[in-house]
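Chemist: My structure is below; once you've seen it, I'll send some questions.
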Amino acid sequence: MILDFTKRVNRARKFSEFIPIVSKTINLINENTSISLSEAAQELGVSSHYLSRQFSKETNMSFTKYKQNVAVKHAIKLMEISNSSITEIALDLGFPNVNYFSKVFKQITGVSPKKYKKN
């Protein structure tokens, strides 16, 4: 899963592959993993429905799933370079609580954040 995500992120960096609205959305997510679809759509001057449809069409991933993958990638970096608790990291990245963060983290990486941080 991590390898697949890495490939998708690398592909996302090749902005010429995506229509401008999707490239801009990817930038917004990378800058702020807690941004909502409606906030991104408002900032870009399009409807949430249009943005969601275009984003999924171009990336083969929903806005939410992409945002979760980016947030987990950021979480991994934070776990490696900081002494922040898992709860602090989860909340800083826009997750509503540590339980939801742990569930998403495990779905993406295959291990819990606690196990990951220990290794």
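Values quoted throughout were computed directly from the atomic coordinates according to the rules given, and no laboratory measurement underlies them. Everything quoted here is computed from the prediction, not taken from an experiment.
Chemist: Note the listed values (1) 1.07; (2) 0.94; (3) 1.11, then indicate which one is Cα Rg over 2.2 N^0.38 Å calculated from this particular structure.
Modeler: Looking at Cα Rg over 2.2 N^0.38 Å for this model, the match is (1).
Chemist: Under a straight-distance cross-link criterion of Cα-Cα below 17 Å, which aspartates and glutamates are reachable from K117, leaving out those fewer than 8 residues away in the same chain?
Modeler: Straight-line reach from K117, under 17 Å: E80, E88, D92.
Chemist: As a quick test, which of the pairs K24/K114; K67/K115; K57/K114; K24/K73 have an alpha carbon distance above 29 angstrom in this structure?
Modeler: K24/K114; K57/K114
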